Amino acid sequence: MSSLLQAQYSINGTMTTTNESDWVVLYKIEGARQIYIQNTNIIKDTILQDGVKKVIANFKFILPEKAPKGFYRTTYALKNAGFIDFLFNKEDISFTFNPTSPEQSISFSKSNENKIYRDYLEAINISQQKLDSIQMLALRNPNDSVASTYKILLGNVNDVQKIYLEKSKNMMISHFVKATLRKNSSELIMSRENYLLNLLDVFFDNMDFSDKVLYNSSFLVDRITNYIFDLNYSQKVSLQQKYYKESIAKVMTKIPDLKFKKDVLEFLITQFEALKNIEIIDFIFDEYYKKLPEKLQNNKFTTEVLDKLAVEIGRTSPDFSWKEGNRPYKLSTLKGSENYVLVFWSTGCPHCLKEIPELHRFMKDKTKIKVIAFGMENNDFYWKKYTSRLAGWHHVLGLGKWENKIARTYQVFSTPTYLVLDANKKIIAKPDQIKDLTEFFTKK
């Protein structure tokens, strides 16, 4: 029994305030992915602290002797996706943190590796911030005293690095200590432009992308995210797109492992999907993802992403055909209008019965705009009667209502749903309501 107990490792966490979850999930970080390990309940308790009642929450995981070393993550908040990352190197771990500011508040009471690493991060960040403040001062007001101070502070940064390289020798955290140090210039840089260029140029210099310890942690993905989304920034949209492409291209030159490259590309696509940045998503797919070996590409992932973005602004509307009487029509071949309004509606929708007549009245004198009204119905009985009042429009009957294939392609989850197309059927607007639609054309 004693031998069995010694062959296990405990991960103990304490939250200093309550949160909305009753359970915590433990993952292992591998590349750009997190692998599920186990989950456990949160045990909440009320304590008296300085005469004030305070709720604390505790959780505990048990890892077997054979549990692999590496970076682990506990996810504890469902709504805000709160998490704590830590290193596991065959030792018990205990930590406390405030779930509203985990990275700033975490403190390890047990785990030599994590204690030293947290101390290192605090020390190197303080010394680096002091060095950066002098560099910023020099950009505003260069003088000899600033230059000499820079030399002293640069020495302090390097001293901190040497101390913790020695402390972390033969430990897992040594990989992260080596990779964390920024490659600072030996001299002050006197131009803001040169400073930014140098910062971008040397950003990855101390990071070994072939290091499996770094690879199986959140470290490299965090740095890639920082480089692409924070350092390469412009308020001008066209310039920002250019920066995104250039920074992605540089990151791709740094990753030798094709599997990790695939994971990073999928991570970046997901990030840009959240931003609805179709141009960059297409760039990543065309320039990098589709050029990976076929056995690495995830066709399901590609299809799901592209399907989600099929009806975003900037995309060409998915094509479909219909008949009016005996005459066939096709969305892609409609001609003669500067704009088209594609509206998904239903006779069983009260909002539609209010807004569709408003739309018809508004469009009566709009000779350069054509309406394609897609009726989502279970049968054509009421639809035929109602559409007879809406002269001048193209009417499409979509049987099956919410299960209609075309409606699902257009991701219609409520009616009415409006899309504005240009002459080439590219989506240029997605108004929420009739007033948004009328304002779009009034202001145009």
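Residues that are over 14 Å from Val237 (Cβ atoms) and not acidic (Asp, Glu) within segment 273-292 comprise Ala274, Ile281, Phe283, Ile284, Phe285, Tyr288, Tyr289, Lys290, Lys291, Leu292, listed in sequence order.
Taken residue by residue, segment 320-328 has at least one member that is of a type in the set (S, T, N, Q), exposed (fewer than 13 other Cβ atoms within 10 Å of the Cβ) and either out of contact with any Phe, Trp or Tyr (no Cβ under 9 Å at 6 or more places or on another chain) or free of Cβ contacts under 8 Å to residues at least 12 places away in the same chain (or both). From the list Lys115, Lys90, which one is among the basic types (Lys, Arg) and assigned by TED's automatic domain parsing to the domain that holds Tyr36? Exactly one residue qualifies, and that residue is Lys90. The residues of segment 230-257 that are assigned to a helix (DSSP H, G or I), of a type outside the set (Asp, Glu) and exposed (fewer than 12 other Cβ atoms within 10 Å of the Cβ), listed by number, are Val237, Ser238, Thr253.
Condition (residue is touching a Gly at 6+ places or on another chain (Cβ under 9 Å), free of Cβ contacts under 8 Å to residues at least 60 places away in the same chain and closer than 18 Å to Ala32 by Cβ) applied to segment 258-265: is it met by at least one residue? Yes, segment 258-265 contains at least one residue that is touching a Gly at 6+ places or on another chain (Cβ under 9 Å), free of Cβ contacts under 8 Å to residues at least 60 places away in the same chain and closer than 18 Å to Ala32 by Cβ.
For every residue, the table says whether it meets (1) in the same structural domain as Asp432 (by TED's automatic domain parsing); (2) at pLDDT 95 or above; (3) more than 39 Å from the chain's Cα centre (by Cα).
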position: Thr302; (1), (2), (3): no, yes, no
position: Gly314; (1), (2), (3): no, no, no
position: Tyr329; (1), (2), (3): yes, yes, yes
position: Thr333; (1), (2), (3): yes, yes, no
position: Gly336; (1), (2), (3): yes, no, yes
position: Phe344; (1), (2), (3): yes, yes, no
position: Met363; (1), (2), (3): yes, yes, yes
position: Ala373; (1), (2), (3): yes, yes, no
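Within 26 Å of Lys405 (Cβ to Cβ), at pLDDT 95 or above, surrounded by 16 or more Cβ atoms within 10 Å (Cβ to Cβ) and of a type outside the set (Val, Ile, Thr), is that true of Phe272? So Phe272 does not fit the description; no. Evaluate segment 36-48: report whether one residue or more is modelled with pLDDT of 95 or more and of a type outside the set (S, T, N, Q). Yes: segment 36-48 contains one or more residues that are modelled with pLDDT of 95 or more and of a type outside the set (S, T, N, Q).
The values are calculated or read from the model by the stated rules, or taken from the named source; none is laboratory data. Remember, predicted model here, so these are calculated numbers, not experimental data. Glycine also receives a Cβ, built like all others from the backbone with ideal geometry; neighbour counts cover every protein chain displayed.
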